[in-house]
Structure formats: structure tokens, C-alpha cells
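A short write-up of the structure that comes next.
The values are calculated or read from the model by the stated rules, or taken from the named source; none is laboratory data. Quick caveat: nothing in here was measured; it's all calculated off a predicted structure. Please note: Cβ atoms are built from the backbone with ideal geometry, for glycine as well, and neighbour counts cover all protein chains shown. Only protein heavy atoms, including side chains, enter the accessible area calculation; ligands, DNA and RNA are left aside. Shrake-Rupley method; radii C 1.70, N 1.55, O 1.52, S 1.80 Å.
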Amino acid sequence: WQDFSPGLLDSLLQEKKTVFLEFTADWCLTCKVLEASVLSNQSVLDALQQSGVVAVKADWTTRNDAITSLLQQFGRSGVPLFVIIPQGDMERAIVLPEIVTVDMLLSALREAQV
């Protein structure tokens with residue numbers, strides 16, 4: 001996982017990389033549950049690695065303004081949020097629901113590769 005910064009995201013998008021954005025915060029119980037049950041699942045880890053997706057963690061623990069702006073861009077006001085940006089194309093961003101299962105995430109990752 002790479003730590004979010006506006007410069008990192010811009011660079012990845014310009015390079016046409018597929019990006020998996022995890023918006024999270026230390027105080028978010030739902031975020032911690034999703035990290036333990038979905039993001040640490042071996043099938044998810046394998047899919048991220050095999051598909052060449054760049055995983056980026058946007059830590060909103062301290063209410064970073066850049067992260068707040070990006071959350072709003074995806075129509076959200078808080079965490080948790082998972083977004084997949086296929087081949088750097090923000091127009092095709094896949095915004096997942098607040099509660100995500102392993103199967104939902106794997107399906108979205110497959111969709112992003114099309």
C-alpha cells in the first residue's frame with residue numbers, strides 16, 4: 001500500500017495505472033472491520049497483485065483537506081470508501097458501497113480490467 005498524496009494520485013493517473021483507493025481512518029470501526037475481513041483476504045491480496053493494481057491508502061484520521069475534497073468528488077462525506085480507477089480514467093471510477101464483501105471487491109477488480 002502506498003500512502004495517498006495528491007501528487008502520487010496525479011502521477012498514477014497520468015501513467016494510466018489502475019488505482020485502488022482505500023479511504024479509512026483510525027477511529028472508524030467499520031474501516032477496521034473491512035480491513036480485517038476483506039482487505040486482508042488472500043484472494044483480494046492476490047487479485048490486487050496479479051492485476052497490477054496500485055493500492056493507495058487515504059488516511060482521513062486527521063481530516064486531511066485533500067482527502068475530504070476527493071471524498072466529495074466521489075459523492076461521499078466520510079469513510080469507509082473503496083474506489084477503483086481503471087487505467088487512470090476518473091470518468092470510469094468504480095465507487096463501491098460503504099459495506100463491501102470479498103466477492104463484491106473481486107468482481108469490481110475484474111470489471112476494472114475490462
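Numbers for the structure displayed
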read-out	value
Counted residues, the stretch 71-109 - those being open to solvent by less than 60 Å² (accessible area, probe 1.4 Å), assigned to a helix (DSSP H, G or I) and farther than 15 Å from Leu12 by Cα	7
Residue list for the stretch 58-67, restricted to those being surrounded by fewer than 16 Cβ atoms within 10 Å (Cβ to Cβ), in a helix (DSSP H, G or I) and within 16 Å of the chain's Cα centre (by Cα)	Ala66
Residue in the stretch 20-33 that is within 15 Å of Arg110 (Cα to Cα) and crowded, with 17+ Cβ neighbours inside 10 Å present	yes
In the stretch 56-95, the residues that are over 16 Å from Ala25 (Cβ atoms) and in contact with a helix residue (DSSP H, G or I) (Cβ under 6 Å, 6 or more places away or on another chain)	Ile84, Pro86, Gly88, Arg92, Ile94
Candidates Leu13, Leu8, Leu45 - the one that is free of Cβ contacts under 8 Å to residues at least 12 places away in the same chain, part of a helix (DSSP H, G or I) and open to solvent by 20 Å² or more (accessible area, probe 1.4 Å)	Leu45
For Ala55: the one exception among (1) of a type in the set (A, V, I, L, M); (2) in contact (Cβ under 8 Å) with a residue 40 or more places away in the chain; (3) surrounded by 18 or more Cβ atoms within 10 Å (Cβ to Cβ)	(3)
